Amino acid sequence: MYEAMHKPGSFPELREAVLKYASERMDLDPAPLDGPKSLEELTASAGQTITESGLGGLSALRLFSEVLAPATISTDHPNYLSFIPAAPTEAASLFDLVVSASSIYGGSWTEGAGAVYAENQVLEFLADECGLPSGSGGVFVQGGTLGNLSALVTARDVAQRKHGKKRWAIIASEESHSSLKAVAKVMDVEIIAASAPTGSLKRPELEAAIASAESKGLSVFAIVGTAGTTNFGIIDDLHAIGLVCGEREIWFHVDGAYGLAGILSPEHKELYRGIELADSFIVDPHKWLFAPFDACALVYREPALARAAHTQHGEYLETLNEKDEFNPSDHAFNLTRRVRGLPLWFSMATHGVAKYRLAIKENIDLAHKIAAEIRRRPNLKLVRDPQLSVVVFERLGWEKPDYDRWSEELLASGFAFVVPSSHRGKVNTRFAIVNPTTKYEDLVKILDSME
Ligand SMILES: *Cc1c(COP(=O)(O)O)cnc(C)c1O
């Protein structure tokens, strides 16, 4: 009988087993790092899982826990140091289960008011922390890529209403995130890379980039400042960028997907001077605000501009649009949405902001401490001094195959996940530290493994 699928309590053993699995996963300290398997291996061990009659819940869960889960890397492992890791608090992960069990539609106030109220308090907190005025606001979207797209679509909409259609261009530093190129591509606008020899975009290079855009007949509608590059964790001169944008009436967007969380550390707040001038910013809670995948906080100085650009109109939607209510989906390129800001809200409401400030500061301190150790070792070389919590360094004498072999061995041994990266064509590796359970001693062991 298919009705049983929806009838609460029809599968008590399955409910118990799933909740037990989730609970036990959260108890793992740490969860095994695990690692990928090939398609052939997975086909051999998991086989065909979608069948007409179903495997049964307990079998499917066993298949997941014994075969599929071990073929996925635990991004919250303390020695997962590649890309940008994840480190959700237990409260945030727990509340993600509640969000899943609650079927809340987060697109409109009418449907999601209570949850949207809570999400908006987090967005207001972030806006306030960045010095944006009250009345700022936005929405949690899936990730930084979508956040950047949504903000820049709003920026172009504003420019186009004012100036009509032009050959539009975005300016961002050469070290800005790849998502901006992807955004420019889907928006069919140009992107001009401003040079940033120290890793941080400064005024002279920005002005040179504007001149270069103008000489090509392009109209710059937005400048993106990066608040913590993904490769190096270095912050652009946001103050200078904000002033230039103000002088020229250009939209100032701050991409802080990874690094803007650092503004919560009082000792590091000054690094972000100028963000208060931003027209929009993003920060990903799934990166350095200790929330589970996937969430990007997108905040506008004037949310009405985003609504003008993004609100979808359709016969069945007008009943929502007619009301003077705050509908989160109107602020981004999305419609149906999970209330993905709630896990962060719950964790922040539970623990208070002070603990976040401390945890973030300690990540930065740890990055600087291991950088000092790297400086002391003759076989290693820092590529740049760290500013936030990313440390990039070279093993002198190693070529790409040496890094590859070392990296694969670290993962295979279950100890750490650290992959090669590169800068200006030269191979290196990096530690991206966003996990408060990462230990200095383990980082030292990883350095030892490069002897
Ligand atoms: C990670 C990152 C992005 C993209 O965010 P996703 O959530 O992965 O889409 C954009 N900009 C910066 C600076 C990032 O670090």
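The values are calculated or read from the model by the stated rules, or taken from the named source; none is laboratory data. Predicted model, so just to flag it, every value in this text is computed and none were measured. Glycine also receives a Cβ, built like all others from the backbone with ideal geometry; neighbour counts cover every protein chain displayed.
For Tyr272, state whether it is within 16 Å of the ligand (Cβ to nearest atom), at negative phi and of a type in the set (Ser, Thr, Tyr). When the stated conditions are applied, Tyr272 passes them. Of the residues contained in region 407-420, one or more are found to be touching a Ser or Thr at 6+ places or on another chain (Cβ under 6 Å), part of a strand (DSSP E or B) and within 25 Å of Ala257 (Cβ to Cβ). Determine, yes or no, whether Ser53 is away from the ligand (no atom under 16 Å from the Cβ), among the hydroxyl-bearing types (Ser, Thr, Tyr) and not in a loop (DSSP other than H, G, I, E, B). No. The helices (runs of 4 or more DSSP H) located wholly in region 293-384 that include 1 or more residues which are modelled with pLDDT under 95 and not small (Gly, Ala, Ser) occupy 318-321.
Restricting Ser74, Ser65, Ser82 to those that are in contact with a helix residue (DSSP H, G or I) (Cβ under 7 Å, 6 or more places away or on another chain), at pLDDT 95 or above and surrounded by 14 or more Cβ atoms within 10 Å (Cβ to Cβ) reduces the list to Ser65.
Restricted to region 126-137, and to residues there that are in a helix (DSSP H, G or I) and in contact (Cβ under 8 Å) with a residue 60 or more places away in the chain, the residue that is nearest to the ligand (Cβ to nearest atom) is Leu126.
Could you tell me whether any residue of region 138-146 is more than 9 Å from the ligand (Cβ to nearest atom), part of a helix (DSSP H, G or I), closer than 19 Å to Phe281 by Cβ and not small (Gly, Ala, Ser)? Among the residues of region 138-146, not one is more than 9 Å from the ligand (Cβ to nearest atom), part of a helix (DSSP H, G or I), closer than 19 Å to Phe281 by Cβ and not small (Gly, Ala, Ser), which makes the answer no.
I need the full set of residues from region 199-213 which are of a type outside the set (A, V, I, L, M, F, W, C) and surrounded by 13 or more Cβ atoms within 10 Å (Cβ to Cβ), in order please.
Across region 199-213, the qualifying residues are Gly199, Ser200, Lys202, Arg203, Glu205, Glu207, Ser212.
On inspection, Thr154 fails the criterion of being outside any helix (DSSP H, G or I), in the same structural domain as Phe333 (by TED's automatic domain parsing) and not small (Gly, Ala, Ser).
Taking (1) of a type outside the set (Phe, Trp, Tyr); (2) without any contact (Cβ under 8 Å) to a residue 12 or more places away in the chain; (3) farther than 27 Å from Phe346 by Cβ; (4) part of a helix (DSSP H, G or I) in turn, Ser45 satisfies each apart from (2).
For region 158-171, check the following and say yes or no: at least one residue is part of a loop (DSSP other than H, G, I, E, B), assigned by TED's automatic domain parsing to the domain that holds Asn334, touching a residue at least 60 places away in the same chain (Cβ under 8 Å) and more than 16 Å from the ligand (Cβ to nearest atom). No, every residue in region 158-171 fails to be part of a loop (DSSP other than H, G, I, E, B), assigned by TED's automatic domain parsing to the domain that holds Asn334, touching a residue at least 60 places away in the same chain (Cβ under 8 Å) and more than 16 Å from the ligand (Cβ to nearest atom).
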